[in-house]
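Take a look at the structure below.
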Amino acid sequence: MLLAHAATLAEARSYLAALADHARSVEASSAYERALIELDWVHGDDTPALDTAGITRDCDIVMGLAVCAVQQLADYGVDALHIELVLASLADAHALDEP
Amino acid sequence: MYGENGALLRAELASLLTQHRVQLRIGGDGTHSVPITSTDAERRQIGDQIGSYRHAALLWCRQATRAVAPHTASNLNPRQPNPFRLPSLHHGALGALALALDQAIDAASARLPTLEELTTPQDLPMVEHWRQVARAAALGEHDFDAGLRRDSLDARQTHTLIGDIAAAVRALVVLDQRYSNIPGWEKLHRGERLGWAALACALDASLEPPDYALDAHGWRPKAKVITGPAKPGLLGVLQAEHNLVIRMKSFPSAMNLRLVVDSQRLLSAGLAPLAAKTDTNLEQAWLTRAQTYLDLQHQLRNIGGRVGTGGLAVTEAANAVSRLKIIRRDADLDPRALHAFTTLFARLDARIADIIEAGVKRNGYFTRVTMPRIVENSGQLVAPPRHRYLPLAEGDQTTIIGLVRDRLRPPPQPPTAPAGAARSRAELHSAIVHQPGTGTTGPSLSM
């Protein structure tokens, strides 16, 4: 795993974790957690640590950042279908998080 | 379980001890009003059959003495005031009982009952009681290798078991004396000595108050997965949770553990409102559990490890959550089913705590650490980062260990004695000194 890939993956994981932390319901939080687990599974659980410190609490901004980071993973050779599946589960979680 | 086998043994011996006039009960003579229905040869055969059943009970007593004998101290031994010196482990009465049992068994010509004799009901009620005694003794043999040994019992439990053995031996000696009129009956070798040794053991054991939590030890059948279609309503959730507890016996990989933890968080948070109508304490306990699992989930995000399985556990966890989702909030639920979750939750929490602690100890789980260093001479055009995993035991993981030990693991429950444990013993002791005609129907003195 290259440095840029690891940094992007760490960012994506951090944004997903931040979304789970600030979700409005238990179900939505759990759905974000499962999206995070799915992202880890795509990488064979060989992923860097996450850090949610300093990430804004605005869910829409964090959601945009998370989608962007996950999409960027395609540049580092991650299978495009897997990325779409992670994005789909992320969208499902976001739908549960709607007020 | 020793509680069941021991209670069966005592109950059947007590029934036999209350039966006097043995000849009459096997069709022999004894009174003018009852005709003789069996020949001498038949009574001899019945005596042989009883002898083989008694042999099984004697063997159980011998095995029980051997299971507790090593390193068992007598209550008569003086306390060792010096903590750096071992107390005396001599137990004279138990040694004498073991020797007397060995001699009685070696001298006996009886054979052990076959499996068919153990399982086929007998026509005569008295022989049927003996069959149950032998059956309890045979079943009780499982217990010694499954937790009914000296190393898994404390001193008070060991002495309680010695008291039980002594009572069973006393009962056999009394019955042996009573059956001496049966044609061809083989008396116990040096039965008086056996009786005195048992009495000495019983008196020694009675110096300390008994601990009937002993009954919870021993062999138990393994809990099995409940297969088949999902049960309706809350029972389906209970079924999946039960199966999850069993499936978690295998060590799960870190990712599967995270999925199970997520399911328990959802399950506790989902069940709490359902319990609110029947028991507010239960609701509060489950909300606390949901919070514990939420914190655990946060801790596990940065933990990886590919060792382990857990696929089946994840499936059952997903079943539990999906079945809970279709239960209506206003549905009438059986409070017993709700309380059943408490037991399953306690077992699962203890197991997950064990898994995490074992993962830390065996280096099965690793904490993710990204090291901000570049490998310079990797031979590649672009230098990769050196990120590595640290074993949990090496890193500073006091948070997750504290969480597991202080909040997740349920507080240890002291083992409790099952209901009727003391009564079962009291009934046997009462039966040992039973006399015919001393009950309410007995003859009364008239002036």
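List of remarks:
Matching residues to (1) of a type in the set (D, E, K, R); (2) in contact with a strand residue (DSSP E or B) (Cβ under 7 Å, 6 or more places away or on another chain); (3) farther than 22 Å from residue B:325 by Cβ; (4) free of Cβ contacts under 8 Å to residues at least 40 places away in the same chain:
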position: A:44; (1), (2), (3), (4): no, no, yes, yes
position: A:58; (1), (2), (3), (4): yes, no, yes, yes
position: A:63; (1), (2), (3), (4): no, no, yes, no
position: A:66; (1), (2), (3), (4): no, no, yes, no
position: A:72; (1), (2), (3), (4): no, no, yes, no
position: A:79; (1), (2), (3), (4): yes, no, yes, yes
position: A:86; (1), (2), (3), (4): no, no, yes, no
position: A:91; (1), (2), (3), (4): no, no, no, yes
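- In the condition set (1) out of contact with any helix residue (DSSP H, G or I) (no Cβ under 6 Å at 6 or more places or on another chain); (2) closer than 19 Å to residue B:432 by Cα, residue B:165 is compliant with all but (1).
- All positions within the stretch B:106-138 that are assigned to a helix (DSSP H, G or I) and either in contact with a Gly (Cβ under 6 Å, 6 or more places away or on another chain) or within 12 Å of residue B:54 (Cβ to Cβ) (or both): B:127, B:129, B:130, B:131, B:133, B:134, B:137
One line per residue, one yes/no per condition, for (1) closer than 29 Å to residue B:392 by Cα; (2) more than 10 Å from every other protein chain (Cβ to nearest Cβ):
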site: A:15; (1), (2): yes, yes
site: A:46; (1), (2): yes, no
site: A:50; (1), (2): yes, no
site: A:89; (1), (2): no, yes
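- Among the residues of the stretch B:243-287, those identified as of a type in the set (Ser, Thr, Tyr) and within 14 Å of chain A (Cβ to nearest Cβ) are B:253, B:263, B:268.
- Exclusive hit being farther than 30 Å from residue B:426 by Cα and more than 21 Å from the chain's Cα centre (by Cα), set B:207, B:199, B:203, B:257: B:257
- The helices (runs of 4 or more DSSP H) located wholly in the stretch A:1-98 that include 2 or more residues which are at pLDDT below 95, over 14 Å from the mean Cα position of the chain (by Cα) and of a type in the set (A, V, I, L, M, F, W, C) occupy A:3-21, A:80-96.
- Matching residues, the stretch B:418-447, being on the phi < 0 side of the Ramachandran plot, at pLDDT 80 or above and of a type in the set (Gly, Ala, Ser): B:419, B:421, B:422, B:424, B:426, B:430, B:431
- Breaking point among (1) of a type in the set (A, V, I, L, M, F, W, C); (2) buried (at least 21 other Cβ atoms within 10 Å of the Cβ); (3) free of Cβ contacts under 8 Å to residues at least 60 places away in the same chain, for residue B:115: (2)
The values are calculated or read from the model by the stated rules, or taken from the named source; none is laboratory data. Source: prediction; values computed, not measured. Cβ sites come from the backbone with ideal geometry, for glycine too, and all protein chains shown count toward neighbours.
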